[in-house]
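Below is one structure, written out as structure tokens, with a few remarks after it.
The values are calculated or read from the model by the stated rules, or taken from the named source; none is laboratory data. None of these values were measured; they are calculated from a predicted model. Here the Cβ positions follow ideal geometry from the backbone for every residue, glycine too, while neighbour counts run over all protein chains shown.
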Amino acid sequence: VYREVTEYAAILDDPRTAAAHVARALDVAWKVKRPVYLEIPRDMVSAGIDLPVDPPQVELRTDEGAVEEAVAEILSRLRAAERPVLIVGVEVHRFGLGALVIRLAEALGVPVASSFLGRGAFPIRHPQFAGTYLGVVSPAPLREVVESSDCVLLLGELISDTSLGVSADRLSERNLLLCVARDVFIGHHRYQDAPIDRVLARLAASPGLSRRAPAWRAPEAVPDTPSARDPHAPITIVDVIEALNAFADAHDDVPLVSDTGDCLFSAVEIRTNLCMGPAYYATMGFAVPAALGMQVSTGRRPLVLVGDGAFQMTGPELSHAVELGCNPVVVLLNNGSWEMLQAFFPAATYNRTVPWPFARLAELWGCRGFEVRTAAALRDALRLAWAGDGPALIEVTLQRGDISPVLSRFVAAFRQRVNRPLP
Ligand SMILES: Cc1ncc(C[n+]2csc(CCOP(=O)(O)OP(=O)(O)O)c2C)c(N)n1
């Protein structure tokens, strides 16, 4: 729920009126019993408040008839479908609907994909999880699962370029059922005031949801680009993804925190159940502070992925780890540049980063530091870092121009779209 205290004229003219606006907004916010984003102009923070005598009531309407009919239509579409698929979006996490979605998915026995923002909203290591769908950027087996489906139930996300990749043209009125926030859209039908939590609860409790034997293999179980390389050769980003997947297989409850850069695209292929990243605003410098926040608030020890450029923005926050009792393991992908930007504009001459002695700095901050140049060394360093009690930083030296398979498909699709002739 978003409410802005907009009466700026009143605020400037009369702080008492302004304070009443703030009070009313707070009161409304408190009553809706949902997360609320309330924006208050800075100069009002310490203004006095007269509580309104008769505050306005706000109630989010639920139309039981709309819920009923939406559920009936979704069920009949699911039952008639030959190859139904669920796509889990970010609202499933935001509204705390993960357990319901797992129940529904297991009752249906269908493949489940996630959107980019929704990665981790459905457990990535669940046997029905087929991958993070990014439109044309996705690996072929995942595209086949989603795009050949005659019934795609998209839960908790609107379709946009950021949520489902460069193009989700294959999803259409023909095969798409969309439940988002308080609306359900099926073809030309729109059910309003049908909240996603109510719709999902009804769906999950419906009898006779057939269990289908999954006739497919989760594409992520197959390495996207198997390296099959000498573990003592100079390490590549594909080797890093493989090593981190081997690590996730051995530690299946470790959460991954990713920064922005190629690490965010690499994270799409790293199978940790929980994944946290700035996938919407793509803000660099997120991962190290976010990892400390995660560990302080949940007690879980995170694995952190960050590029050298993003680390140069906020990485020194790692110096607080020991003091805060945090022991993240940071894997720093050092390619000596802002490689993600370079990939989009290869002629650019301004993306190089200055070299920092990352592993040595980490040691000065009370962490263990590792420098690795081969896949074998990365595996050893991960083992040693995790076995230690304290925080650690593993600096992986990569070649300039070495980018993940997902980023390279994203760049190719982006170029094709930007360069296509205008209609
Ligand atoms: C705060 C902020 N500044 C700039 C950008 C634009 N940007 C996106 S990716 C990127 C480069 C990231 O470099 P690095 O962390 O070294 O990772 P790499 O791309 O090399 O994997 C930049 C500058 C951003 N997303 N956020």
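Numbers below:
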quantity: Hits in region 251-306 - residues which are within 17 Å of Ser404 (Cα to Cα), of a type outside the set (Gly, Ala, Ser), in a helix (DSSP H, G or I) and touching a strand residue (DSSP E or B) at 6+ places or on another chain (Cβ under 8 Å); calculated: Asp262, Cys263, Leu264
quantity: One residue from Ala321, Ala347, Ala392 being away from the ligand (no atom under 16 Å from the Cβ), surrounded by fewer than 18 Cβ atoms within 10 Å (Cβ to Cβ) and not aromatic (Phe, Trp, Tyr); calculated: Ala347
quantity: Some residue of region 284-291 being within 16 Å of the ligand (Cβ to nearest atom) and in contact (Cβ under 8 Å) with a residue 60 or more places away in the chain; calculated: no
quantity: Residue satisfying condition, being of a type in the set (A, V, I, L, M) and in a strand (DSSP E or B), within set Leu100, Leu38; calculated: Leu38
quantity: Residue list for region 324-344, filter: within 11 Å of the ligand (Cβ to nearest atom), of a type in the set (A, V, I, L, M) and touching a residue at least 24 places away in the same chain (Cβ under 8 Å); calculated: Leu332, Leu333, Met340, Ala343
quantity: Filter result for Ala375 (modelled with pLDDT under 95 and either more than 16 Å from the ligand (Cβ to nearest atom) or closer than 15 Å to Val396 by Cα (or both)); calculated: no
